[in-house]
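Participant: Structure provided below as structure tokens; questions to follow.
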């Protein structure tokens with residue numbers, strides 16, 4: 001399964017049960033190694049996935065494809081990954097922490 005397909009599956013689960021994302025109004029950008037750049041926008045209790053980096057992101061996360069899959073499966077220790085440099089966060093770090101909490105509800 002491609003990264004975009006995995007993100008779209010996650011967005012579909014979120015949109016089917018939007019309660020955990022109702023108060024989230026943010027744009028996340030993921031720079032994933034050689035796989036490219038993906039963006040997920042949260043607005044009006046909807047998650048929208050894009051392969052284009054349109055506009056400014058509130059939180060940009062740079063990580064390997066392997067760690068990205070771990071992140072989506074709630075199998076990545078984000079604090080350790082951040083401290084060791086395998087996860088880089090630009091923008092609002094609080095949004096990165098919030099995303100991790102939200103992802104736990106959709107695994």
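Participant: Please state which one of 52, 65, 43, 101 is out of contact with any strand residue (DSSP E or B) (no Cβ under 9 Å at 6 or more places or on another chain) and loosely packed, with under 15 Cβ neighbours inside 10 Å.
Facilitator: 101
Participant: Select from segment 68-98 the residues that are closer than 19 Å to residue 3 by Cα, in contact (Cβ under 8 Å) with a residue 60 or more places away in the chain and out of contact with any strand residue (DSSP E or B) (no Cβ under 6 Å at 6 or more places or on another chain) and list them in ascending order.
Facilitator: If the condition is that a residue be closer than 19 Å to residue 3 by Cα, in contact (Cβ under 8 Å) with a residue 60 or more places away in the chain and out of contact with any strand residue (DSSP E or B) (no Cβ under 6 Å at 6 or more places or on another chain), then 69, 72 are the ones that fit.
Participant: Specify the residue that is surrounded by the fewest Cβ atoms within 10 Å (Cβ to Cβ); the eligible residues are those in segment 1-38 that are touching a strand residue (DSSP E or B) at 6+ places or on another chain (Cβ under 7 Å) and free of Cβ contacts under 8 Å to residues at least 24 places away in the same chain.
Facilitator: Here the residue is 25.
Participant: Scan segment 98-107 for residues that are assigned to a helix (DSSP H, G or I) and touching a helix residue (DSSP H, G or I) at 6+ places or on another chain (Cβ under 8 Å) and jot them down.
Facilitator: 100, 102, 103
Bear in mind these aren't lab numbers, they're just calculated from the coordinates by the rules spelled out. Just so you know, these numbers come straight off a predicted model, no measurement behind them. Glycine also receives a Cβ, built like all others from the backbone with ideal geometry; neighbour counts cover every protein chain displayed.
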